[in-house]
Amino acid sequence: MSTLYDAELREQPASLERLLGQGRAAAEAAAEHVRHRGARFAVLAARGSSDNAARYGQYVLGIQNRLVAALATPSLFTHYRAAPSMGDALVVGISQSGQSPDIVEVLREASRQGGATIAVTNDPGSPLAEAAEFVLPLLAGPERSVAATKTYTAQLMALAMLSAALSGDEQAWADLRGVPDAVARAIDGSAGLESMAPRFRDYAGLVVVGRGYNLSTAFEVALKVKETAGILADGYSSADFLHGPKAILEQRPPVLVVAPGPRTFEDLDGVVRLVRELAAPLLAISDRPEILEGAEVAMSLPQGTPEWLSPIVAVVPGQLWALALSLARGRNPDAPVGLSKVTLTR
């Protein structure tokens, strides 16, 4: 079955190359403004897949730029009318469509307070873009499949470019230039998933575990599986998973671990050991042989991607797995039941 989801997923290397080539000036202009304003912390406002991009933003701005970064709570601005103080903040609104009223309101209020505001969106004429002082357009082209693929990785790339611009580090820009090729290799390296997915179509759920930068990947892959395959999938930090949710492993659900190197996390490796000990089905997205060996579904990542950029690459096999599982379950990944491309929340 030919799908828009698959076609748009495979556009990602070209989409990322275009954003990197055409978007640097916008990122550097926004970064200069943020430095001039002396922002002391960052707030990221988003919903859905964009919220998972914001999770990545927390890590990249926190680690690469040493900014305290938090996710916004939009209902504070809309339902409770109790907006926190953001006059000395960098406030980033992230939305593929730029339409959701609650995310727009976060940026409008931040602007009223004198905060530095940036919109990350695929529509530079959207209400979100109009509410921001600076816009980082995704340049991904139209995305017609309901489940986001190319706009999600473009959001990650835009946030990484903003981080590189804030740091003024040319090595960061050099690292970014390798990402489109790594994504292309990740797509090529995930061939054959459609033949493996039928074994998993009758499971009622999926556990997805990551850590660090790739906590965002765990949440996004879980969301893609829920949206396209229509089964319950939960994303976890491996540290949080070991604090209690690991009890569900007694039911032997499939567990997908997102574990790119070179950094290792003892708790993430501990989840892998526990899954193997309990003989639950193990799926893995990794470039580490010791993780891939013994996995029922091994999704191999190309070597050499810097950790801070690995979520842009690691999410792609997860997107492909969601597609394969959706088709194995006889569903249409382009039009998930009950969902629409733009959801307006307040």
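Since every read-out is calculated from the coordinates, none of them should be taken as a lab result. Here the structure is a predicted model, which means the values were calculated and not measured. Please note: Cβ atoms are built from the backbone with ideal geometry, for glycine as well, and neighbour counts cover all protein chains shown.
Here are some notes:
- Under Karplus coefficients 6.51, -1.76 and 1.60, residue-wise ³J(HN,Hα) of region 71-78 in Hz, glycine/proline x: 7, 5, 10, x, 5, 4, 8, 9
- Sequence ranges 34-44, 143-153, ranked by mean other-Cβ count within 10 angstrom, highest first: 143-153, 34-44
- Rounded to the nearest Hz, the phi-derived 3J(HN,Hα) couplings of region 264-269 under the Karplus curve 6.51 cos²θ - 1.76 cosθ + 1.60 (θ = phi - 60°) are 10, 10, 4, 5, 5, 5, where x marks glycine and proline.
- Shape call, region 4-177: gyration tensor on alpha carbons, a/c limit 1.5: oblate
- Projected label distance in nm at Ala82 and Leu232, using a 7 Å step from Cα toward the beta-carbon: 3.1 nm
- Relative contact order of region 185-328, defined on C-alpha pairs under 8 angstrom at six or more residues apart (%): 33 percent
- In order through region 309-325: 3J(HN,Hα) via Karplus (6.51 cos²θ - 1.76 cosθ + 1.60), integer Hz, x for Gly, Pro: 10, 4, x, 5, 8, 5, 6, 5, x, x, 4, 5, 5, 4, 4, 4, 5
- q = 0.11, 0.15, 0.22 Å⁻¹, region 1-80: log10 I(q)/I(0) [Debye, one scatterer per Cα]: -0.45, -0.78, -1.17
- Rounded if a/c under 1.5, otherwise prolate or oblate - region 185-328, Cα gyration tensor axes: rounded
- Label-to-label distance, nm, for residues given as Ala14 and Ser2 (7 Å Cα→Cβ offset): 1.5 nm
- Once the Cβ-Cβ distance of Ile63 and Arg273 is raised to the sixth power relative to R0 = 30 Å, the FRET efficiency obtained is 0.65.
- Sorted on the mean count of surrounding Cβ atoms within 10 Å across their residues, most packed first, peptides 3-12, 288-297 read 3-12, 288-297.
- Expressed in Å, the radius of gyration and Dmax of the Cα atoms of region 174-216 are 14.9, 44.
- Environment charge at Ala131 (Cβ cut-off 13 Å; Lys +1, Arg +1, Asp -1, Glu -1): -4
- Å³ per residue enclosed by the Cα convex hull of the chain: 124 Å³
- Ascending count of other beta-carbon atoms within 10 Å, so fewest first, for Glu109, Glu17, Glu130: Glu130, Glu17, Glu109
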